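Below is one structure, written out as structure tokens; the observations come after it.
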Amino acid sequence: MLGEFVNWVVNTVGNLGYIGIFVMMFLESSFVPFPSEVVMVPAGYLASKGEMSLTISIAIGVAGSLFGALFNYFLAVKFGRGFLLKYKKYLFLKEDSLDKLERFFKEHGEISTFTGRLIPGIRQYISFPAGLARMSLFKFSFYTSLGAGIWVVILALIGYYIGQNEDLVKEYLKTATISAIIGVAIISLIYIFIKKRAKSS
């Protein structure tokens, strides 16, 4: 079933081109929980065949991620927490997850926005507490683009260099995901250390 879906994505991206990348990354970044690798890896693969530009594909992928995140951000800004909880099942959102994100976000909004984009299962939802907290739109867009950009580049390069080898792609995706989580942990520890030093000084 997943293989058929991936083939459909490859065909859709191939047929719709950059519009297909934007729409799918918008959906992936907003409320449709499917992995971004099924979009950007095929895009990278098509770029390796000369059917698309790798640079433009990456830029469009980041733009789709940003606009999808902004969609969630403005949902939270306009309708608030009550709306999100009322329609949580349609947004694939759990109340306890939102509670944890809100508590953490109040203390560490900027680093949360950046690192949240690198964590599977979190990247779609980090926009909600940002909207509820009325985080600066410029800062939200900057840190979202930065985090999404790193992940999009990694996926596109995997597709570009080894997209024809499905087994190798799976192996590299696993390594990339683990590396991203480790990277987030290291960044978070450094951030916490700096914050504690700043408080004690």
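The values are calculated or read from the model by the stated rules, or taken from the named source; none is laboratory data. On a predicted model such as this, the values are computed, not experimentally measured, just so you know. For neighbour counting, all protein chains shown are included, and Cβ atoms are generated from backbone atoms with ideal geometry for every residue, glycine included.
Observations
- For the residues 79, 74, the requirement of being at pLDDT 90 or above and surrounded by fewer than 23 Cβ atoms within 10 Å (Cβ to Cβ) singles out 74.
- Checked against (1) closer than 17 Å to residue 154 by Cβ; (2) touching a Lys or Arg at 6+ places or on another chain (Cβ under 9 Å), residue 69 passes all but condition (1).
- Residue that is modelled with the lowest pLDDT, among those in region 18-38 that are of a type in the set (A, V, I, L, M) and buried (at least 22 other Cβ atoms within 10 Å of the Cβ): 24
- Residue match in region 135-145 (condition: out of contact with any Gly (no Cβ under 7 Å at 6 or more places or on another chain), touching a residue at least 60 places away in the same chain (Cβ under 8 Å) and surrounded by fewer than 14 Cβ atoms within 10 Å (Cβ to Cβ)): no
- Any helices (runs of 4 or more DSSP H) falling wholly within region 90-201 and containing at least 2 residues that are modelled with pLDDT under 80 and in contact with a Leu (Cβ under 7 Å, 6 or more places away or on another chain): 95-116
- Close contacts from region 106-131, counting a first residue that is closer than 19 Å to residue 67 by Cβ and a second that is among the acidic types (Asp, Glu) and at pLDDT 80 or above, with Cβ to Cβ under 9 Å and a gap of 6+ residues or different chains, come to 123/28; 124/28.
- Residue check, residue 161 crowded, with 16+ Cβ neighbours inside 10 Å and hydroxyl-bearing (Ser, Thr, Tyr): no
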